[in-house]
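Here is the structure we will look at.
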Amino acid sequence: MDLHQKFMAVFEGSSTAHGQTTIGNVRKNGKTDAKSFIVKEPLTIDLIKEHLDGTTGIGSIPITHENKCKFGVLDIDTYPIDHADIAKRCKTMKLPFVVCRSKSGGAHLFLFLKEYYPAVDIRDYLGEMAAALGHSNCEIFPKQDQILVDRGDVGNFINLPYFDAENSLRYAVDEKGKEMTLETFLEVVDRKKVTLEDLAKLNLGNNKKEFDDAPWCLRIFFNLGIPEGQRNKVMFHAGKYAIKKFPESWKQMLETWNQKYCSPPLPASEIVTIQQQHEKKDYEYLCRDEPMQSHCDKKACKQAKYGIGGHDTLPEIGGLTILKSEPRLFFLDVDGKRLELSTEQLQMPIQFQRACIEQIDFMPPLFKPGDWQVLVNNLLSTATSIEASEELTLTGQFKELVETYCTSRIRAKSPEEMTMGKPWTEDDLTYFTMKGLQEFLKQRGFTTFNRPQIQQRLKDLNDDSKCNGKINIKMDDGKWNTLRVWWVPKFETTEVDLHVKKETDDDEIPF
């Protein structure tokens, strides 16, 4: 297996689509503007070669149509980033990540698996590892537990490392900050591949059974240590947990935890102050404060007996994908579940809420219109687009209906029948009246286009050349009738073979 094949095998995922990204300007914060889109074609060796040669930037979609994955990623997008420090912490915590620079200067922490596993299981472990590292706000790939394959959904892609491998800025680093060559990277990947059983053995803050019912951040602090300078905040946070679990002896438990898990312990006077604050007011968990927020695993916390429960039910929303059909179709991740939305459902908070109830059996809080607008605009600014096949566009639907109109049994047997709304085919053109076509479209329920829009589409079918004119038709009574007609190139299935001539001198076509 050559280098390109090895690289492709490492990032094996969707068999039906891949991602591409065009790079724009660099912002003041160091992040690079980029436009992402999905191509509904499988990832190939030729594309991998273009990526490694620096011709085309490629992304892989981790999740398959069977909702499984063979690799996962933490996408850390906070700046500035010390890649070597992250790699060092991963090594200290025995987390099997390979740390790479991303195209925007962030960090991609790749997890490679020995075989395919359910995406929902891998996402759970990735969430726990992100929380343990203090990067719970990072993006997780695969972004979905499941994708809506029958709706045209393929999931989201992650940009691959080693673009322009010889001069790449998207390289892997070790705990000393040393850049890895592509060959070294692939060797490290082979060594770090794990199984689901290996992930279950990791120490992610769940080794102390006495805290199995606690918020996830507290499990991490009491198991892996409290961040320096954060003892007061953490112990205040722990006070709420102590009250919920030990309503009669919570003060003593707080004192015990202080002596056992704070290094060094807080002075007794500061613990007394925390106790007095909780006695005066019923506080909630400090989920939005640091260091709790960076070590939060909301999904795990909601499942814990004394976790946030129903107190904080705002879902994790992200991973917007736009299917550029007409009308548009949107796919959105809500707590890892995939939601299909129309433009109206994405636009209006109450419609979004209703879609959640109908599709994922969950009723999120109703967002305020202003907050929802900010959220949706942020989602749109980073959305991934999928080009829709022509039949999913209004123009494609129009073309199909025009073809049906021109080739169906209603077609005219003589030119004069065009006055009855029937299409007439001769040589390489099919003629018809605008009224006849519009009546047919109306019967088929297609009333989207007005007359000028229909005219433009007919012009497109004629390669932007002239597509209408007047004709003279001799009627049954012997009189001549002038009729304005339109035409399109004859479709292959048309079998009529009669004689019609088009006159170009005076914009008339006599029969």
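Once each of the GluC sites (Glu not before Pro) sitting in a DSSP loop with at most 12 other beta-carbon atoms within 10 Å is removed, the chain keeps 1-227 as its longest stretch. Taken one residue at a time, the phi angles of segment 420-437 give Karplus couplings (6.51, -1.76, 1.60, θ = phi - 60°) of 8, x, 8, x, 10, 10, 8, 6, 9, 10, 10, 9, 6, 8, 5, 4, x, 5 Hz. Gly and Pro are set to x. For the chain, a simple Cβ point-charge model (Lys and Arg +1, Asp and Glu -1, everything else neutral) yields a dipole of about 1660 debye relative to the Cα centre. Taking Lys260 as the anchor, which lysines have their alpha carbon closer than 19 Å to its alpha carbon, excluding any fewer than eight residues away along the same chain? Counting by Cα, and skipping residues close in sequence, Lys260 has these lysines nearby: Lys208, Lys209, Lys233, Lys240, Lys245, Lys251. Computed from Cα positions, the angle between helix 268-280 and the longest principal axis of the chain comes to roughly 50 degrees. Proximity of backbone amide H atoms, modeled 1.01 Å from N, is registered between Ile471 and Leu483, Arg484, Val485, Ile509 at under 5 Å, excluding neighbours fewer than 5 places apart on the same chain.
Between the residues Leu126, Asn167, Ala200, the greatest Cα displacement towards the positive end of the dipole of segment 3-200, with unit charges on the Cβ of Lys, Arg, Asp and Glu, is found for Asn167. Given axes a ≥ b ≥ c from the Cα gyration tensor, I'd like to know whether segment 209-303 is rounded (a/c under 1.5), prolate (a/b larger than b/c) or oblate. It is rounded, given that a/c, with a ≥ b ≥ c, falls under 1.5. In loop segments of segment 417-463 as defined by DSSP, the trypsin sites (Lys or Arg not before Pro) with at most 14 further C-beta atoms inside 10 Å of their C-beta are Arg444.
Selection among Ile45, Phe432, Thr184 by position relative to the dipole of the chain gives Thr184 as farthest towards the positive end (Cβ unit charges, Cα centre).
Principal-axis analysis of the Cα atoms of the chain puts helix 182-192 at an angle of about 60° to the longest axis.
Taking amide H as placed 1.01 Å from N in the peptide plane, the amide H of Glu426 sits under 5 Å from that of Tyr431, each at least 5 places away or on another chain. Relative intensity of the chain on a log10 scale, I(q)/I(0) at q = 0.06, 0.12 Å⁻¹, equals -0.44, -1.10, per a Debye sum over C-alpha point scatterers of equal strength in the absence of solvent. In this simple spin-label model, placing a label point 7 Å from the Cα along the Cα-to-Cβ direction at both Lys305 and Gln359 gives a separation of 3.7 nm. Using R0 = 41 Å, the C-beta based FRET efficiency linking Glu187 and Asn378 works out to 0.55. The angle separating the long axis of helix 349-360 from the principal Cα axis of greatest extent in the chain is about 80 degrees.
Readers should treat all values here as calculations from the given coordinates under stated rules, not as data from a laboratory. For clarity, every value in this text was computed on a predicted model and none was experimentally measured. Here Cβ is always computed from backbone atoms with ideal geometry, including for glycine, and neighbour counts include all displayed protein chains.
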